[in-house]
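For reference, the structure is listed below as C-alpha cells.
The values are calculated or read from the model by the stated rules, or taken from the named source; none is laboratory data. These figures come from a predicted structure and were not determined experimentally. Here the Cβ positions follow ideal geometry from the backbone for every residue, glycine too, while neighbour counts run over all protein chains shown.
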Amino acid sequence: MTVYDRGEAGRGASWAAAGMLAAAVETEPGEEPLLPLALESQAMWPDFAREVEAASGVSVEYRGEGTMVVALNRDDAAQLRHSYEFQKGLGLDLHWLNAAEAREREPHLKPGLAAAVWSPRDHQVENRQLGRALALAARGAGVELIEHCPVVEIVIAGGRASGVVTERGRDPADVVVLAAGAWSREIGGIPPAHLPPVRPIKGQMLALQMDKAAPLLRHVLWLPRGYLVPRLDGRLVIGATVEERGFDSSLTAGGVFALIEGAWRAVPSIEELPITEMWVGFRPGSRDDAPMLGPSGIDRLVVATGHHRNGILLTPVSAAVISSYILTNKLPESARPFSPERFAALPARTGRLANARAAR
Ligand code: GLY
C-alpha cells in the first residue's frame, strides 16, 4: 500500500487539533445521527491507542481524566442546562456540578463560577504524537509513505479509478482512497459530480506553558467560548476559532484575543503563563458536518474525509470502516448514514470492490 502526503505525514488537521475525544459534550442539536458512530469510535480508542503504541513504540498519551464543561455566569448556566438536558436525553453519561464541586476537581477555576457539567467518558489523546505513531506504525506494517508529494490527479478511465499521478509519475492502484481532508477537492481527475463537498473551516489556536510538575489544570475544560486541553508536558492548548475563510492561514488579533480572553475568564491564573505557540488548522467540513466514509460513486474510488470537528475521535472507526469497505464492498451498518453518496447530485453507482486490494 502507498500513502501520498502533500506535506509531512500527520501535519494537517491532525496536527492542528486538540485531541479531544468528546463524543458527549460536542454533540449539539442536529448532530444526533453522528452520535452512534462517535460513541463506537470512543469505545475503540483505548485498544486503538495500545495497538498503535505497540506498533510504533511512541506513546499517544491517551488520558482518561474526563472533561468538564464550565458555565461562568447565569446566562452560561442557562445555556449549559439546555445542552445538558439535550445530551442527557440522548442517554449520555453526564453529571451536573455546582461551583464548589467543579472547583474541587479544578481548583484554578475562577471563584464564583455558576455551574459545570462533568463528562466522565470524554477523554483526550496527544494528536501530534498520534500522527508520529501512525506514520511509524504504517511504515512498520510495510506501507510506503511518501511525504511532500501531492497527488495531482486521480486516474479515472472507463468509470473506474486506476491510479494516481504525482510528480513521480503515474502510479497504478487497485483502489484509491481519497483522504485529503480539507484539500480533498483540490485533486484533479474527479468529475465534479463526484467531488466530495468538503471545505476548509479555519481554526486558530495557541499553547501556553504550565509548570509541568504543578499543572494548573488536569482535565479537558470546555468554556462558554472555546476549550482548554492540558498536556503531560505542561503545554496548555487553547482552542479554537471556527471561521469560514477558505485557506487563509493568518493568525488574527481578534481570534487570538478571543481565545485568551475566554480562557482567562475561566482560569484567571493563565495570565502568568508564557505563550509558546500559535497556529492555524483547517477542519474538513462537509455540508452536514458529518464525515464522508465509503463509495464515491466511481468504481474503486473510496472517500474518507469531512470529519470536521471530530477527526481524532473518529480515527479508529474511520480506519475500520474504510478497510472493511475495501475488503467486503459493504459499509458496516453504523457507517451507512455517512456514505458520500448522500450528497450525490445524480444517483450514484455503487463501487464494485470485490477482489480488490488496498492500493498497490
Ligand atoms: N474539536 C475541536 C475543534 O474542532 O475545535
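Name the single residue that is modelled with the lowest pLDDT among those in region 215-240 being in a loop (DSSP other than H, G, I, E, B), within 16 Å of the ligand (Cβ to nearest atom) and within 15 Å of TRP118 (Cα to Cα).
Among those that are in a loop (DSSP other than H, G, I, E, B), within 16 Å of the ligand (Cβ to nearest atom) and within 15 Å of TRP118 (Cα to Cα), it is PRO224.
Among the residues of region 307-330, is any more than 17 Å from the chain's Cα centre (by Cα) and in a loop (DSSP other than H, G, I, E, B)?
Yes, some residue in region 307-330 is more than 17 Å from the chain's Cα centre (by Cα) and in a loop (DSSP other than H, G, I, E, B).
Among the residues of region 106-148, write down those that are in contact (Cβ under 8 Å) with a residue 60 or more places away in the chain, in a loop (DSSP other than H, G, I, E, B) and either among the basic types (Lys, Arg) or in contact with a Gly (Cβ under 9 Å, 6 or more places away or on another chain) (or both).
LYS110, ARG121, ASP122, VAL125, GLU126, GLU147, HIS148
So is ALA182 within 16 Å of the ligand (Cβ to nearest atom) and outside any strand (DSSP E or B) or not?
For ALA182, the condition - within 16 Å of the ligand (Cβ to nearest atom) and outside any strand (DSSP E or B) - is met.
If I ask for residues that are closer than 16 Å to ILE275 by Cβ and more than 12 Å from the ligand (Cβ to nearest atom), which ones from region 188-214 would you list?
Across region 188-214, the qualifying residues are LEU206, ALA207, LEU208, GLN209, MET210, ASP211.
Within region 57-69, can one find any residue that is in contact with a His (Cβ under 7 Å, 6 or more places away or on another chain) and of a type in the set (A, V, I, L, M)?
yes
Being surrounded by fewer than 14 Cβ atoms within 10 Å (Cβ to Cβ) and over 25 Å from GLY12 (Cβ atoms) is the filter here; which residues of region 270-298 pass it?
GLU271, GLU272, PRO274
Kindly check whether there is at least one residue in region 156-177 that is assigned to a helix (DSSP H, G or I) and of a type in the set (A, V, I, L, M, F, W, C).
No: zero hits.
Can you tell me which residue is farthest from the ligand (Cβ to nearest atom) among those in region 250-289 that are out of contact with any Gly (no Cβ under 9 Å at 6 or more places or on another chain) and in a loop (DSSP other than H, G, I, E, B)?
PRO274
Among the candidates GLU126, GLU104, single out the residue that is surrounded by fewer than 21 Cβ atoms within 10 Å (Cβ to Cβ) and among the charged types (D, E, K, R).
None of the others qualify; the one that does is GLU104.
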